[in-house]
Amino acid sequence: MKVLIVEDDQAISDALKEGLEDESYAVDTAYDGDEGYRTAAADNYDVIILDVMMPEMNGYEVCQMLRSEGNTTPILMLTAKDQERDIVQGLDTGADDYLAKPFSFDVLLARIRALLRRPNEKQAEVLRVGDLTLDPSTKRVQRDDTTIDLTSKEYAVLEYMMRNHGKVLSKESFISHVWDFDADILPNTVEQFVMFVRRKVDKPFRAKLIHTVPGFGYKIEERGE
């Protein structure tokens, strides 16, 4: 999953980026409202973490502009303010959630997970494809009651596929959602990581879940669907 952090305090931004990357998120950063707006408008993100008080444009203005252009990416606003009118203003401009500083990183992670679930109300907390399960809250992956150990990037690749169960995903979409903007990633790298995941998720088991769609990309689904 890919996250954009728009925060003018570089120490906070760097700490959030490091923490989220440790949790297998791909993270891009911007340090003022104008840069944040341009970055958000130019790429596809799964969640935007948006500070309110910033130079150039404040978070309310960035959020309002993105929403006016049809950008529906979930937005979590961060601010030192916690007064009711500030919360109302943030939500009224189109934010999905609001977190006042200082905050617990664990609470931030829980809010992000909630926002990722929100587009599909029927989506369970634990992702499932056949007998394969992935729990985003614990990063635990199991198949047929066997725990599967994945590297951080392997986990991110598998989570992206499972959140898009049954959809054909191009190599370009993997690069866009699983790696940072500054990462120098080629399509062959995607092939390698899908192969790594297959070795752990599919090879030891009878039924294969990860399928290649020649000329298009990959999809994960239970055989026979």
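Below, the figures for the structure above:
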{"item": "Inter-label distance, nm, simple model (7 Å from Cα along the C-beta direction), Ser68/Met53", "result": "2.5 nm"}
{"item": "Simple label model, 7 Å out from Cα along Cβ direction - Asp131 to Ala80, nm", "result": "5.5 nm"}
{"item": "Sites matching GluC sites (Glu not before Pro) across segment 37-103 that sit in DSSP coil, with at most 15 neighbouring C-beta atoms within 10 Å", "result": "Glu56, Glu69"}
{"item": "DSSP-defined antiparallel bridges as percent of all bridges, the chain, nearest 5", "result": "45 percent"}
{"item": "32 Å Cα-Cα threshold exceeded, pairs from Lys101/Lys167; Lys139/Lys219; Lys17/Lys167; Lys101/Lys200; Lys2/Lys101", "result": "Lys101/Lys167; Lys101/Lys200"}
{"item": "Relative contact order (%) - segment 106-225, alpha-carbon pairs under 8 angstrom, separation at least six", "result": "23 percent"}
{"item": "Lys, Arg +1 and Asp, Glu -1 on Cβ, resulting dipole of segment 3-97 about Cα centre, debye, nearest 20", "result": "320 debye"}
{"item": "Efficiency of FRET between Thr212 and Asn44 - r from beta-carbon atoms, R0 25 angstrom, step 0.05", "result": "0.65"}
{"item": "Cleavage-rule hits, trypsin sites (Lys or Arg not before Pro), segment 188-222, DSSP coil, Cβ neighbours within 10 Å at most 13", "result": "Arg206"}
{"item": "Separation of the Ala15 and Arg199 label points, Cα + 7 Å toward Cβ, nm", "result": "3.8 nm"}
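Computed from the coordinates by the stated procedures, all read-outs in this text should not be read as laboratory data. Note that this is a predicted model, so its numbers are computed, not measured. Neighbour counts run over all protein chains shown; Cβ positions are idealised from the backbone, glycine included.
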